Ligand SMILES: *Cc1c(COP(=O)(O)O)cnc(C)c1O
């Protein structure tokens, strides 16, 4: 199937209001253009350099999402091009994003990344850390950053119950944050679900899925 057909197949199965981020890391700009021509506008990249390199080669109305671990020294590089930073995994990173956004006079939307998976290699706040940070006021007062939701990855396991449990915890944490701390309407997104587990994520209340392989095929590293 073509990239366009892959996208239609996925979007036809997504409930109304659930957004699709096409994860284009490691794929050449020609493939992104093909997805764009099929109507796709949200793209996710893992590496700052790669996003910055691809950005000028593609149409300007693309929304670029940073979904990979972001080092503080790479924030400046992506600030002119990024739409949504999905991978805020520390207060330190949030502060750097605020500083760099202010420096170029823009504001930027971000998601707080939660670590619920069993793999240690995945990054993000634990649920407890995030709730503590919120309680202590460390997630407030950023004039150039708007927190618009949470993001997470589940454990890479065939155990559907485990995956559903983790996504359920993410949704629950989002609901709690929304009720207690981020009561504004723009706090609206729960980004969870990849090629192999997005249906489980949607069942658990995802509003944004991030799909690479099922759109573009396997990545060549
Ligand atoms: C690569 C990646 C995805 C997409 O993974 P696929 O299995 O190719 O769909 C989603 N989210 C993050 C954070 C990723 O790094």
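Taking the criterion of being within 14 Å of the ligand (Cβ to nearest atom), under 18 Å from residue 96 (Cα atoms) and at pLDDT 95 or above, the only residue of the stretch 119-169 that qualifies is 124. Taken over the stretch 147-201, the criterion of being within 22 Å of residue 16 (Cα to Cα) and part of a loop (DSSP other than H, G, I, E, B) is satisfied by 184, 185, 186, 187, 188, 192, 193, 194, 195, 196, 197.
Scanning the stretch 9-56 for residues that are without any contact (Cβ under 8 Å) to a residue 12 or more places away in the chain, farther than 23 Å from residue 201 by Cβ and in a helix (DSSP H, G or I) gives 30, 53, 56. Here residue 130 fulfils each of the conditions (1) over 27 Å from residue 174 (Cα atoms); (2) in contact with a helix residue (DSSP H, G or I) (Cβ under 9 Å, 6 or more places away or on another chain); (3) part of a helix (DSSP H, G or I) apart from (1). Look at the stretch 192-221: where a residue is farther than 22 Å from residue 169 by Cβ and a partner is in a loop (DSSP other than H, G, I, E, B) and near the ligand (Cβ under 8 Å from one of its atoms), sitting 6+ places away or on another chain with Cβ atoms under 6 Å, you get 213/195; 214/195. Could you tell me which residue of the stretch 170-199 is nearest to residue 38 (Cα to Cα), considering only residues that are within 16 Å of the ligand (Cβ to nearest atom) and surrounded by fewer than 17 Cβ atoms within 10 Å (Cβ to Cβ)? In this case the residue turns out to be 195.
Listed here are the residues, each with its yes/no results for (1) within 14 Å of the ligand (Cβ to nearest atom); (2) crowded, with 18+ Cβ neighbours inside 10 Å; (3) modelled with pLDDT of 95 or more.
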position: 1; (1), (2), (3): no, no, no
position: 22; (1), (2), (3): yes, yes, yes
position: 28; (1), (2), (3): no, no, yes
position: 31; (1), (2), (3): yes, no, yes
position: 41; (1), (2), (3): no, no, yes
position: 72; (1), (2), (3): no, no, yes
position: 80; (1), (2), (3): no, no, yes
position: 84; (1), (2), (3): yes, yes, yes
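Of the candidates 209, 202, the single residue that is modelled with pLDDT of 95 or more, more than 13 Å from the ligand (Cβ to nearest atom) and in contact with a strand residue (DSSP E or B) (Cβ under 9 Å, 6 or more places away or on another chain) is 202. Would a scan of the stretch 50-65 turn up a residue that is under 13 Å from the mean Cα position of the chain (by Cα) and crowded, with 20+ Cβ neighbours inside 10 Å? Yes, the conditions are met somewhere in the stretch 50-65.
Flag: residue 101 matches the condition of being outside any loop (DSSP other than H, G, I, E, B), more than 16 Å from the ligand (Cβ to nearest atom) and at pLDDT 95 or above. Looking at the structure I just gave you, is residue 219 at negative phi and more than 16 Å from the ligand (Cβ to nearest atom)? Taking the combined requirement at face value, the residue does not satisfy it. Select from the stretch 200-211 the residues that are within 14 Å of the chain's Cα centre (by Cα) and either farther than 18 Å from residue 68 by Cα or surrounded by fewer than 20 Cβ atoms within 10 Å (Cβ to Cβ) (or both) and list them in ascending order. Within the stretch 200-211, 201, 206, 207 qualify.
The values are calculated or read from the model by the stated rules, or taken from the named source; none is laboratory data. As the structure is a computational prediction, the values presented were derived from the model and not from experiment. Because the Cβ atoms are built from the backbone with ideal geometry, glycine has one as well, and the counts that use them run over all protein chains shown.
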